[in-house]
Amino acid sequence: MGWKAAEKLVRHWKILRGDNVMIIRGKDNGETGVIKRVVRSQNRVIVEGKNLVKKHIKQGQGHEGGIFTVEAPIHVSNVQVLDPVTGKPCKVGIRYLEDGMKVRVSRGIGASGSIIPRPEILKIRATPRPTVAGPKDTPMDLVLEKTYDAKTGKGMPDL
């Protein structure tokens, strides 16, 4: 990617992996699908089963060669998220609920203004959180030890 294209990277992504989108430009215009992967360094997304191209792969050690059909990336400006209520493509806005939670909402002409839910696939962790303390973790008795008392000023370093 050239430096001109790198200047125009999308800073605030509103499209996430697992979103239902409609392709609005290109050979698959008007078709809907689920985002399989987001390539932020190139402003592109891969939609499951769409924008299929033939790829010639040379035979190598451990894999067979041939002509394969793969999904090619689509520029992020050529897809739009589907409104969960109307099922039509819409723009994505951001709002804060009363409890301070940040949510995505549908906006634009003909949009319902409803909340676009976060995809379920993002809630699943690829690697589970460790449940036992590792060698570099701080022991719990040191964590709970009180080192500073605000009333007496005990534990304050001499500056």
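Bear in mind these aren't lab numbers, they're just calculated from the coordinates by the rules spelled out. Only a predicted model underlies this, so the values are computations on that prediction, with no experimental measurement involved. Don't worry about glycine lacking a Cβ; one is built from the backbone with ideal geometry, like all the others, and counts go over all protein chains shown.
What percent does the relative contact order of the chain come to when contacts are Cα pairs within less than 8 Å and at least six residues apart? The partial results should precede the final answer.
Details: 230 pairs, mean separation 24.7, N = 159.
Contact order relative to length: 16 percent.
With every atom except the alpha carbons ignored, what do you get for Rg and Dmax of segment 55-110, in angstroms?
Cα only, segment 55-110: 20.4, 58 Å (Rg, Dmax).
If you look at just the Cα atoms of segment 36-159, how large are its Rg and its Dmax in Å?
For segment 36-159, the Cα radius of gyration and maximum Cα-Cα distance read 25.4, 76 Å.
Given the pairs K14/K55; K8/K91; K8/K36; K14/K36; K54/K123; K36/K102, which are separated by over 27 angstrom at their Cα positions? Could the numbers behind the result be given before it?
Working: K14/K55 30 Å; K8/K91 19 Å; K8/K36 23 Å; K14/K36 15 Å; K54/K123 33 Å; K36/K102 23 Å.
Table pairs above 27 Å Cα-Cα are K14/K55; K54/K123.
Could you sort 96-105, 42-51, 110-119 so that the peptide with the highest average Cβ count within 10 Å comes first and the rest follow in order? Display every interim value, and only then the final one.
Details: 96-105: 9.9, 42-51: 18.4, 110-119: 14.4.
Per-residue Cβ counts within 10 Å, averaged per peptide and sorted highest first, yield 42-51, 110-119, 96-105.
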